[in-house]
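Student: Shown below is the structure under consideration.
None of the figures in this text is laboratory data; all of them are computed from the coordinates on show. This one's a predicted model, so the numbers in the text were calculated from it and none came from an experiment. All Cβ positions, even for glycine, are placed from backbone atoms using ideal geometry, and neighbour counts span all protein chains on display.
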Amino acid sequence: MKILTTAEAADLLKIKSDTLYSLVEKEGLPGAKVGNQWRFIEEDIVNWLSSKRDRRSENADSVSKSEFEWVYRSLVEATFDAVLVSENNIIADCNDAAPLFYGYPKQELIGKSLHDVMVPEFHEELNETLRLRRTGIIQRIHRRSDGIVIPVEVSIKSFDRDGDIVRLGAIRRLTHLDPALLSPKVREVLAGYDVQSITPGKLSIS
């Protein structure tokens, strides 16, 4: 254990003596007054400095996470696609475009199964996608609350969170796409439905 004078402690921190006293008073720099003189323990100063650095790092991480979440939410809300976040096949969150797209109020859409917004012909493929945790871009046919079916392209990213499957899906309408560019199964299934073009931004869902 090395005991330092005020001058030695200030030199260790590369600061002036007046600044050192200010740190003792305002920042909790450890030291003790012996008679009329201040004395410091070198190890205490090093530990104090390390703790200050760690707290700043934690604060920086917190700000970065907050900024990331804000940017993520801004991007999700800015897209014209419907975005669904699901956990174990249950819709846990969505952007503002999703209720307009599917025709449900947001509070009703959240909590539904992914099967509820997809035609039955694709349920088995959905189960397989969930089981294998597939990611990528796929074509499906989704169904609105009013029964209208919509051919869609779904961009999927799957995550494992404590054993639960979390999926982020961005859904884009394919109603204006050349039918030749649709997958064979989508074309086959569509043949049995009355397909209508939906413009989410023009719908009004209470």
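Student: Note down the net charge around LYS185, summing +1 for each Lys or Arg and -1 for each Asp or Glu among other residues with Cβ under 14 Å from its Cβ. It would help to have the intermediate numbers written out before the result.
Tutor: Numbers: positive: ARG140, ARG187; negative: GLU121, GLU124, GLU125, GLU128, GLU153, GLU188.
Net charge around LYS185: -4.
Student: For the pair ASP164 and ASP116, what calculated FRET efficiency results from E = 1/(1 + (r/R0)^6), where r is the Cβ-Cβ distance and R0 = 22 Å, to the nearest 0.05?
Tutor: On the way: r = 19 Å, r/R0 = 0.87.
Computed FRET efficiency for ASP116 and ASP164 comes out at 0.70.
Student: Would you mind computing, in nm to one decimal, how far apart the modelled labels at ARG187 and THR19 are, each placed 7 Å from Cα along Cα→Cβ?
Tutor: Output for this residue pair reads 7.4 nm.
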